[in-house]
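One structure coming up, written as structure tokens, with questions to follow.
The values are calculated or read from the model by the stated rules, or taken from the named source; none is laboratory data. Being a predicted model, the structure only gives us computed values, none of them experimental. Cβ: placed from backbone, ideal geometry, glycine included. Neighbour counts: every protein chain shown. Side chains are part of the model used for accessible areas, which takes the heavy atoms of the whole protein and leaves out ligands, DNA and RNA. Shrake-Rupley method; radii C 1.70, N 1.55, O 1.52, S 1.80 Å.
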Amino acid sequence: MRTKLREELNKAMKSHDSIRVSTLRLINAAIKDKDISLRNNSSSDGVSDKEILSILAKMIKQRSDSIRQYEEAGRIELAEGERAEVKVIEEFLPEKLTVEEIEKAISKSIESIGANSIRDMGKVMGQLKESFEGQVDFNIVSQKVKEALSN
């Protein structure tokens, strides 16, 4: 994953794609920050690809929140800049699951854990986050898990 990010940054620099260059630099900086924090806490070699996916998902969530705030404030040009960054970040995430696939994954998770009440929601969400990081919007998943466990 790191290699792909570096290669894409080099391509973007050569093609003078400023939005792509700045977004890829932000991604690399976020990964480097996480590497440093892990190095201080353990003898780790750095973040794994799975953790990189988590970082990317967090970056998209932050930008989505910013887009909403900019639109509410009437700052459409800033919202468009954030949307452009989201498009670049999404290129490095796995393909998103459909609603049907999400519902099927929730059912399997509930069944495998043996969840039968809302108290088991944390276990179900933990298993889903481990399996589908970067592939789903966990706000939607959370609502669907809550609905499934409430029935």
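Which percent of the accessible area of the stretch 51-133 is formed by carbon and sulfur heavy atoms (probe 1.4 angstrom)?
Ligands and nucleic acids excluded, carbon and sulfur reach 49 percent.
Place a +1 charge on the Cβ of each Lys and Arg in the stretch 1-142 and a -1 charge on the Cβ of each Asp and Glu, then give the dipole magnitude about the Cα centre in debye, rounded to the nearest 20.
With only Lys, Arg, Asp and Glu charged at Cβ, the dipole is about 440 debye.
Once you charge only the Cβ atoms, +1 for Lys and Arg and -1 for Asp and Glu, what is the size of the charge dipole of the stretch 73-151 about its Cα centre, to the nearest 20 debye?
Its charge dipole is roughly 400 debye.
What are the ³J(HN,Hα) values, in whole Hz, obtained from phi via the Karplus relation 6.51 cos²θ - 1.76 cosθ + 1.60 with θ = phi - 60°, for each residue of the stretch 2-7 in sequence order, with x given for Gly and Pro?
4, 4, 4, 4, 5, 4
Testing the spin-label approximation: label points 7 Å from Cα along Cα→Cβ at LYS11 and ILE76. State their distance in nm.
In this crude spin-label approximation the distance works out to 3.2 nm.
Quick check: from the Cα gyration tensor, does the stretch 23-102 come out rounded (a/c under 1.5), prolate or oblate?
Oblate, because a/c is 1.5 or more while a/b does not exceed b/c.
Can you give me the pair-distance distribution of the chain, C-alpha pairs, 10 Å bins, whole percents?
10, 31, 31, 22, 5, 0
Given an 8 Å cut-off on Cα distances and at least 6 residues of separation, report the relative contact order of the chain as a percent.
It rounds to 20 percent for the chain.
Would you mind classifying the stretch 73-144 by shape? Square roots of the alpha carbon gyration tensor eigenvalues, ordered a ≥ b ≥ c; an a/c under 1.5 is rounded, otherwise it is prolate if a/b is larger than b/c and oblate if not.
Prolate is the answer for the stretch 73-144, as a/c is 1.5 or above and a/b outweighs b/c.
Quick one: accessible area per residue over the chain, 1.4 Å probe, rounded to a whole number of Å²?
Roughly 64 Å² per residue, with all protein chains present.
Moving on to the next point. Using alpha-carbon pairs under 8 Å, 6+ residues apart, how would you state the relative contact order of the stretch 14-84 in percent?
Normalised by residue count, the contact order of the stretch 14-84 is 21 percent.
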